[in-house]
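A short worksheet on the structure shown next.
Since every read-out is calculated from the coordinates, none of them should be taken as a lab result. What you see is a predicted model; the values in this text were computed from it and never measured. Because the Cβ atoms are built from the backbone with ideal geometry, glycine has one as well, and the counts that use them run over all protein chains shown.
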Amino acid sequence: MSEITTSRENGRKRPKGYIEDWTPTKRIRAELDDVERVLEEYRDHLPLTVRQVFYRLVATRDYEKTERAYSRLGEHLVSARRSRRIPFHAIRDDGVVTRAPSWYADPADFWDYVGGQARGYRRDRQAGQRQRIELWCEAAGMMPQLGRVADDFSVPVYSAGGFVSLSGVRQIVDRALTRTVPTMILHVGDLDPSGASIFDSLAADAAAFMDADAYVGTQRIVARRVALTPEQVAAHELPTAPPKASDSRSKRWRGGTCQLEALPPDLLATIVADAISSELDSERYRAEIEREVVDRRALLRALPAGEAA
C-alpha cells in the first residue's frame, strides 16, 4: 500500500491517495448515511454528480441549501471516497476527456473482442428518420446518465460546460452538412440567465452558419430546450434562488433560477427519453430494432467456431 502524502492548498493540508484513519464526526456520519441512501435509491443512474446528491439531500433531508453547505458536502464526499466508505464510481466530479488507443494481446484476444461486438451489435436506430437528433448537456458530469438514456435511440450526447466555443459550434454545423435531413438539437441545462443564454447562443450561431452553408433545401438546424423549464420547476416544486446580481443578463431575467441537478435523476431520465421519443417515427424505430436481431444472428454465425458462444 502506497504511503499517503499531503500537499498544502489554500493553507490547508489535503490528503493524497487513500485515507486509512479518517474518523468523521457524528454529524458527518449521519450525513454520509443519507448520501448512501440517495446513492442506493438512484443506483440505476450512477454516477451522480456532487450537486445532484446535494439537491436530493436538500429535497428529502432538509439539508441547508447554501453554497457553503454544498462545498462542505463536496469535501466530505472526497474524504468518504478516499477512505473507501463510498465507491469512487458512484460520484462523478471531473471534467476529464479521454483518448486512448486500442490494442489486443494476441489473435485470440482479438476474436474475443469481435465476438463481444457481435453479441452487442446495434443498428443505427435513427436510420430513416425525418431528422437527426443530438443531445447537448451543460454539465459534463451528467453525460454518463444521459448517455444511458440516449443510447437506446442511437442519439449522441455532447457537453459544453459554458458557452460553446466557435470550434464546437462549427462541428455541429459540419455534422449537419453531412446529412440531407434537418438536425435537431435537444438541450438540457440550468434555468438561469447564463443557461438560457448558452442555449440561445448555441442555437442561433449554428443556425446562422447552416443557413449560409446548406446546399440541400432540407438541411437546417433546429434547437429545442428539454430541461430545465419554468413549468418543470413549478410542477416538481424544485428549489429556486434569485438570479446572480453579478451576471449582467440578470437584468432581463424574470423569476427565480434553478439548477438542472435539482431534478431527481430518474425524472430527468424520463424527461429526456420522452423528448427523444416525441421526435422519432416510432414505427421506423421499432423496425431498426427488429433488424438488429436478424443482423446479430448472421454475425454470430459468421464467427469462427467457438467464438459465438
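So what is the diffusion coefficient of segment 5-92 in µm² per second by Stokes-Einstein at 25 °C and 0.890 mPa s, using a Kirkwood Rh over Cα pairs?
180 µm²/s
Which aspartates and glutamates, on any chain, are close to Lys244 with Cα under 20 Å apart, when same-chain ones fewer than 8 places away are left out?
Answer for Lys244, where 20 Å is the Cα cut-off: Glu64, Glu67, Glu138, Asp190, Asp192, Asp200, Glu261, listed by chain and number.
Between segment 277-303 and segment 239-253, what's the alpha-carbon centroid distance in Å?
47 Å
Mind telling me which of Glu67, Glu41, Glu134 comes out most flexible in a GNM of the chain, alpha-carbon contacts under 10 Å?
Checking each option, the largest mean-square fluctuation is seen for Glu67.
Under a crude label model (7 Å from the Cα following the beta-carbon direction), how far is Arg254 from Val181 in nanometres?
3.7 nm
Divide the volume of the convex hull of the Cα atoms of the chain by its number of residues and quote the answer in cubic angstrom per residue.
Value for the chain: 202 Å³ per residue.
For Lys16, list the lysines whose Cα falls under 27 Å from its own Cα; do not include residues on the same chain fewer than 8 positions away.
Within the straight-line cut-off, Lys16 pairs with Lys26.
Can you tell which of Ala212, Cys258, Pro243 lies farthest toward the positive end of the dipole of segment 206-291, using +1 and -1 charges on the Cβ of basic and acidic side chains (Lys, Arg; Asp, Glu)?
Checked the options; the winner is Pro243.
Among 196-202, 239-245, how do they line up by average Cβ neighbours within 10 Å per residue, starting with the highest?
Ranking, from highest mean packing down: 196-202, 239-245.
For segment 129-280, how big is the tail of P(r) above 27 Å, as a whole percent of Cα pairs?
Tail of the P(r) past 27 Å holds 23 percent of the pairs.
Kindly provide the helix-only [θ] at 222 nm of the chain, computed as the sum of -39,500 (n - 2.57) over DSSP H runs of four or more divided by all residues, to the nearest 500 deg cm²/dmol?
Computed mean residue ellipticity for the chain: -14500 deg cm²/dmol.
Only counting other Cβ atoms within 10 Å, I'd like Ile185, Ile19, Ile221 sorted with the fewest neighbours first.
Ile19, Ile185, Ile221
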